[in-house]
Structure formats: C-alpha cells, structure tokens
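What follows is a single structure, written as structure tokens, with notes after it.
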Amino acid sequence: MTNSLNNNKIAIIGAGKMGETLVSGMLSAGIVNKQQLIATDKNSNRVSYMKSTFGIEATTDNREAAGQADIILLCLKPQVAASIVAGFEDVVKPDQLVISIMASATSALIENYFSNDVPVMRAMPNTPSQVRAGMTALAAGEFAGEAQFQICEDIFNSVGRTLRIDEKHFDAVTGLSASGPAFIYVVIEALAEGGVKSGLPRDIATELAAQMTLGSAKMVIETGNHPAILKDHVTTPAGCTVDGLLKLEEGGLRVTLIKAVNEATRRAKALVND
C-alpha cells in the first residue's frame, strides 16, 4: 500500500456506477478508510444507498463535498459538468486535486472552470473496473505533475491497471478502451452463438467463449507478443483454425472492428458540446 492517499479527504462527485466502483475498489484495496470518503448524488435514494452500503459520508450537496475535500473526483457526464462544477468552483483551491473521468472534456476546459491554478488530472477507466480488471488511461493537466500521477495510480490501480499517456490520445482511448468492452461482448455473444449452432448448450458455450477471451487477452499482456504471433501459434497448417479465420476475413470482422473504434473516437470528441 502506498502513502499518497494517507489522510486525504476524497469527494466523489457523482456516485453512479463508476463512482461506486471506485469507492468499492479503494476500500477493498485498503488505500483509504471510510472516513476519508464523501460521495454526492442528486438522487437522495442514491445518497442513502452509498451511506448504507459502504458506511461513508454522502450528500446531495456538491459544494459541501468539494469544499472539504483534498481530492475531487468528477464522475460526471460531460454534458452536465459545467452546470454542476459552477456550483462549487469558488471553493476549490490550488492545494486540492481535481480528477476527471469525463470523456471529451479536456484538462484545459476543466481548468477554466476554476479561477486559480488548480491541478487537474484526466482519467479514462472502463467498466471492467467493476470486477477489478479495468484499464485506466491517465494524463496530467498544466498544473499537475508526478505527485498527482501517483495519487491517480493509487486510486485506479485499486480497480485494475493504469497507463500514462499524452492527453492528445484521450478520445482514441475512449473509443478503444472505454467503448471497447461493448464490442468484445458482441464478439463473445457471437462466438457463443457459434457454439450453440455447433451443438453446445448455451450456458456452456457462453462460459467457454468468455474464458477463452479472458485467457487470450492475458496471453497478449503477459507474453508481450504481438497478437498476430499468438494467432499463428494457434493456426496449424491445414487445421480447422485457418478455415475459421478465412471466414472472419470474408465477413470483414477486422475492418468492422477498426471502423467501430474510429466511430466511437469521433463521437467522443463531440460529447462535451452536446
């Protein structure tokens, strides 16, 4: 356990699915205690849920939470961020840290919400964070540096892995890593359907497809080999795999996935203006 979060008060502004995931992850990893966390939501029932489920402080008052925090996690939709942040921009000081998980909203845009040089970090997690298998990209704004990177890595490593990148790539990260799980679920569903078509019971086909996908991803990460090399290891001469691959190429799967990522990236650039 690192020390970057010791005694820091963390406000989770927007206790939706990802906000809840981060609360759960930090507490489970033991990097914070319950007294360090305060969550907000516009829905009083959601506030009650966060209190009863995690034993943390929760409120509908974003300004109150932001004012008492050392670290402010903006777990908001980019379309509503400006109206919400405007309510507490005057209580945020340069000795605080603002971390945004919002797609589309640049660090410069977030910095402009405030009247002083508040350090801002951007983070782009994905939904597998809910099972501690997430991937989060991190980038620093103008007034943030190594200390802020360390804090973000401690928070988001509690729900998976982190990667430091240049902020100019964030829309592409959104299109690939954040939107990508939905694309993979379609692939898993289709593979399972293939298994059913070939005679497998649906529950068995789904489990086989999901575990195979998990293991294949683990092979890419842990071996460091290019996916094409790993593919060739499976594709024996005159075997069944090469026939299946030919059908994938015939159906345009590779091009379709590339287009899906590119389209999601294009959309990510425009979200903040909706």
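The values are calculated or read from the model by the stated rules, or taken from the named source; none is laboratory data. The model shown is predicted, which means the values in this text are computed figures rather than measured ones. In this analysis, Cβ positions are derived from the backbone assuming ideal geometry, glycine residues included, and neighbour counts consider all displayed protein chains. When the accessible area is computed, the model is the full protein with side chains, heavy atoms only, and any ligands, DNA or RNA have been set aside. Shrake-Rupley method; radii C 1.70, N 1.55, O 1.52, S 1.80 Å.
For region 230-245, there are no residues whose amide N sits under 13 Å from a probe point set 7 Å from the Cα of L208 along the beta carbon direction. Taking label positions 7 Å along the Cα-Cβ direction at both K17 and R254, the computed distance is 3.2 nm, reported to one decimal.
Amide hydrogen proximity for L37: with H placed 1.01 Å from N in the peptide plane, the residues at 5 or more positions away or on another chain lying under 5 Å are I10, E57.
Once you list every other residue whose beta carbon is under 10 Å from the beta carbon of Q96, what net charge do they have if Lys and Arg are +1 and Asp and Glu are -1?
Numbers: positive: K9, K93; negative: D70, D95.
Every neighbour counted, the sum reads 0.
Taken one residue at a time, the phi angles of region 227-240 give Karplus couplings (6.51, -1.76, 1.60, θ = phi - 60°) of x, 5, 5, 5, 4, 5, 5, 8, 8, 7, x, 6, x, 7 Hz. Gly and Pro are set to x. Each Cα pair under 8 Å and six or more residues apart adds its separation to the average, and for the chain the resulting relative contact order is 15 percent. What angle, in degrees between 0 and 90 and rounded to the nearest 10, separates the Cα long axis of helix 44-54 from the longest principal axis of the Cα atoms of the chain? Taking the Cα atoms of the chain, the angle to 44-54 is about 80 degrees.
Give me the accessible area per residue for region 1-129, probe 1.4 Å, as a whole number in Å². Don't skip to the end; give the middle numbers.
On the way: 5230 Å² over 129 residues.
Ligands and nucleic acids excluded, the figure is 41 Å² per residue.
Kirkwood hydrodynamic radius for region 87-204: how many Å is it when counted over pairs of different Cα atoms? Let's see the in-between values first.
Values: mean 1/r = 0.0624 Å⁻¹.
16.0 Å is the Kirkwood radius here.
Against the longest alpha carbon principal axis of the chain, how many degrees, from 0 to 90 and to the nearest 10, is the axis of helix 202-223 turned? Compared with the principal axis, the helix lies near 70 degrees.
Evaluate the relative contact order of region 24-139 (contact order divided by residue number), counting alpha-carbon pairs under 8 angstrom at least 6 apart; express in whole percent. Once divided by the residue count of region 24-139, the mean separation gives 17 percent. The value of relative contact order for region 130-199, using C-alpha pairs under 8 Å at least six residues apart, is 35 percent. One decimal place: the segment N43-K168 gains 41.6 nm when fully extended, by the rule 0.36 nm per residue minus the C-alpha distance. Projecting the Cα atoms of I72, L214, A147 onto the dipole axis of the chain, where Lys and Arg carry +1 and Asp and Glu carry -1 at the beta carbon, places L214 farthest toward the positive end.
For region 109-168, which GluC sites (Glu not before Pro) are in a loop by DSSP, counting at most 15 other Cβ atoms within 10 Å?
Numbers: sites: E111, E142, E146, E153, E167; in loops: E142.
For GluC sites (Glu not before Pro) across region 109-168 that sit outside H, G, I, E and B with at most 15 neighbouring Cβ atoms in 10 Å, the list reads E142.
Here the accessible area is traced with a 1.4 Å probe on the protein chains. For the chain, carbon and sulfur cover 57 percent of it.
Against the chain, whose longest principal axis comes from its Cα atoms, helix 253-270 is set at around 20 degrees.
Measuring with a 1.4 Å probe in the full set of protein chains, what accessible area per residue, in whole Å², belongs to region 180-225?
On the way: 3240 Å² over 46 residues.
Here the per-residue accessible area is 71 Å².
Anyone know which of L27, L138, L200 comes out most mobile in the 10 Å Cα GNM of the chain? Between L27, L138, L200, it is L200 that shows the largest mean-square fluctuation.
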